[in-house]
1. When the scattering of the stretch 291-377 is computed by the Debye formula from its Cα atoms alone, each counted once and equally, what is log10 I(q)/I(0) at q = 0.11, 0.17 Å⁻¹?
2. Just rank 50, 118, fewest to most, by other beta-carbon atoms within 10 angstrom.
3. Rounded if a/c is under 1.5, else prolate if a/b beats b/c, else oblate: with a ≥ b ≥ c from the C-alpha gyration tensor eigenvalues square-rooted, which is the stretch 339-408?
4. Taking the Cβ-Cβ separation of residue 160 and residue 321 as r and a Förster radius of 35 Å, what is the calculated FRET efficiency to the nearest 0.05?
5. Compute the projected area of the convex hull of the Cα atoms of the stretch 203-262, averaged over all viewing directions, and report it in nm² to one decimal place.
6. Kindly list the residues of the stretch 302-328 that lie in the label zone of residue 432, defined by a backbone N under 18 Å from the point 7 Å along the Cα-to-C-beta vector.
7. Based only on other Cβ atoms within 10 Å, what is the fewest-to-most ordering of 321, 441?
8. Hey, with R₀ at 51 Å, roughly what FRET efficiency would residue 341 and residue 487 work out to, going by the Cβ-Cβ distance, to 0.05?
């Protein structure tokens, strides 16, 4: 509080002197990076330049002072001398300026004795007074939770934080660019939905007053995107903000970003090769490296990714082949006989039990990148069963670091009768108490009856992919403002 009061007093002094600039007074001619990039040209021409940014350091040596100015493009040394400013202005600048203030400095290029390119100031202007101090320079924000709650301070004090979010932005930009070049059309579908469909997850519920009806925040854009494929959009995608009312851990956040894409008439192998190329190029464009950081190790993305079936992955992990069972009860007996300490509480039906077994035993062992194929049909109600074995689905998931980041249906369910049967089974699970089973969607069935072309679809978790690109160990590091419990 004392610090804030002292800064308020210094702000008043700036105001009294008429030295506080206003929005229309800003005259920045260069970013710090542009100034340094054109330094030799500016120096030879003797041209005056104005730069603006946040003051992050002040060092006074008698009648000579050195400031560090930071903007988005980088940092610049500001040299302030009595000769250029005069005694009064020099004194006022040093007395009234605080670390954290946003100011504009005008002057000419100079190279210091140590060889550092700098700006020698002959005029200055305070633009914004920072009433709260910045985090301590050398240690920054040590409290991780504060970094997530006050991301703006994290970005100011920790250069690596800015790198992470720049890489995330480039990752998304690359995906958009590649898809545009392949003539995919980007669309937007509803976030508020009357039925929470497209994935097995517990939704958030809200209420619309004017319509007097409950609505759900979307858990996936799948249903609406497929309806657009029915309507004739044969190559379509959406980078969608999705919401799931589930737990929070290193790989889950209640709101997250997902790329969902559909491609009609594409062959399965062609689709998987397309996805591998899409992801690899996006990783390179984002970070400059054809590699991911997985559990602290660097993994190159040069070769094609291996495949393993869901059944084989679980069998390798615990000796149980889950797809050989016909009921949840049978599977639970086998798990118990194998001596596995696995609690199936909260599982409704064979599909949820098999998924729980897989996630507890097999998935953590898959460092990847590796494609897990042929998931049981009970787990994938929106995918087409395999023609060779209807107990399995035409699906694959890319697992990296024991986490699923890509979910592929290389044959989307386009048989109305088959989809009706799958929805009916899901509805029975809901009636038994499952909060994640999908609701019956009659409108979607009607859409399929119009005719959904043979197509493949994919969902890619942008947040999860970004963690492996940037070398982070939790989603909270790659989401600007992750969901946290509110502090009173």
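Laboratory data are not the source of any read-out in this text; all were calculated from the coordinates shown. A quick note: this is a predicted structure, and the numbers were derived from the prediction, not measured. Note that we place each Cβ from the backbone using ideal geometry, even for glycine, and neighbour counts take in every protein chain shown.
1. Log-scaled intensity ratios, in q order: -0.35, -0.72.
2. 50, 118
3. Oblate, since a/c reaches 1.5 and b/c is not below a/b.
4. Values: r = 45 Å, r/R0 = 1.27.
So the FRET efficiency works out to roughly 0.20.
5. Details: hull surface 20.7 nm².
So the Cα hull casts an average projection of 5.2 nm².
6. 322-328
7. Least to most surrounded, the residues fall as 321, 441.
8. 0.90
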